[in-house]
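Values in this text are rule-based calculations from the coordinates and carry no lab data. Being a predicted model, the structure only gives us computed values, none of them experimental. Cβ atoms come from the backbone with ideal geometry, glycine included; neighbour counts cover every protein chain shown.
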Amino acid sequence: MKAHLSRRIPAWLFAVSAALTVFTGFGNMPLYGRYYIADIPGLGWSGDFFVNLYIHYLSASVLLGVSVFGAVQFITQRSRGLKLTRSGAVRAAILAAALASGLVMALRNLPGVNLPFALHVGLNFLHMGAAVLFALFAIGCVAARCRWTHAETGR
């Protein structure tokens with residue numbers, strides 16, 4: 001496999017899974033049946049809560065896996081001078097908050113896991129806020145062509 005292709009596959013997996021996770025996350029509220037998004041041809045599945053939820057979990061799992069892969073790859077490249085940009089550090093922190101809160105929210109659905117109501121509400125707001133903030137910041141970074149990392153030059 002060519003080197004450029006090995007970098008593009010995780011990037012595309014990240015972008016597609018992030019977009020699908022955000023889309024299905026809004027569908028879990030449920031907005032798409034109420035505002036007729038599910039009536040658009042090809043999006044009928046988005047009005048079904050359980051289909052939407054399972055796709056959300058699947059896409060979030062891919063997003064988590066690609067994020068962990070990217071983090072491990074970054075850690076191994078740090079010795080060669082790879083550094084996070086400011087926008088990369090902000091995106092990483094927001095994404096970590098969204099992924100961690102989403103993971104806890106998924107775990108709370110397991111039998112025997114009971115969280116206090118205030119924590120449940122707080123997790124919901126943290127998860128939704130971090131997801132929206134990440135989506136908006138990511139769109140801004142794509143528009144401004146901000147990179148996640150940069151190579152540190154010798155001084």
- With the label point 7 Å along the Cα-to-beta-carbon line of S6 and a cut-off under 20 Å to each amide N, the hits in the range 42-79 are 65-79
- Message: Here are labelled values, [x] 2, 9, 19, 22, 18, 14, 9, 5, 2, 1, 0; [y] 2, 8, 14, 19, 18, 15, 10, 7, 4, 2, 1, 0; [z] 1, 9, 19, 23, 22, 17, 7, 1, 0, and one is the computed P(r) over Cα pairs in 5 Å bins from 0, in percent for what I pasted. Which one?
- Response: [y]
- In deg cm²/dmol, rounded to 500, what helix-only [θ] at 222 nm does the chain give when every DSSP H run of at least 4 residues adds -39500 (n - 2.57) and the total is split over its residues? -24000 deg cm²/dmol
- Dipole size in debye (nearest 20) for the chain around its Cα centre, Lys and Arg Cβ +1, Asp and Glu Cβ -1? 880 debye
- Most fluctuating residue of L95, L84, L119 in a GNM of the chain with Cα springs under 10 Å: which is it? L119
- Message: Between V72 and A144, what's the calculated FRET efficiency when r is the beta-carbon distance and R0 is 22 Å? Round to 0.05.
- Response: 0.25
- Query: Based on the Cβ-Cβ distance of Y36 and V132, what FRET efficiency does E = 1/(1 + (r/R0)^6) give at R0 = 22 Å, to the nearest 0.05?
  - Reply: 0.50
- Can you give the FRET efficiency for W45 and L115, using 1/(1 + (r/R0)^6), R0 = 41 Å, r = Cβ-Cβ distance, to the nearest 0.05? 0.90
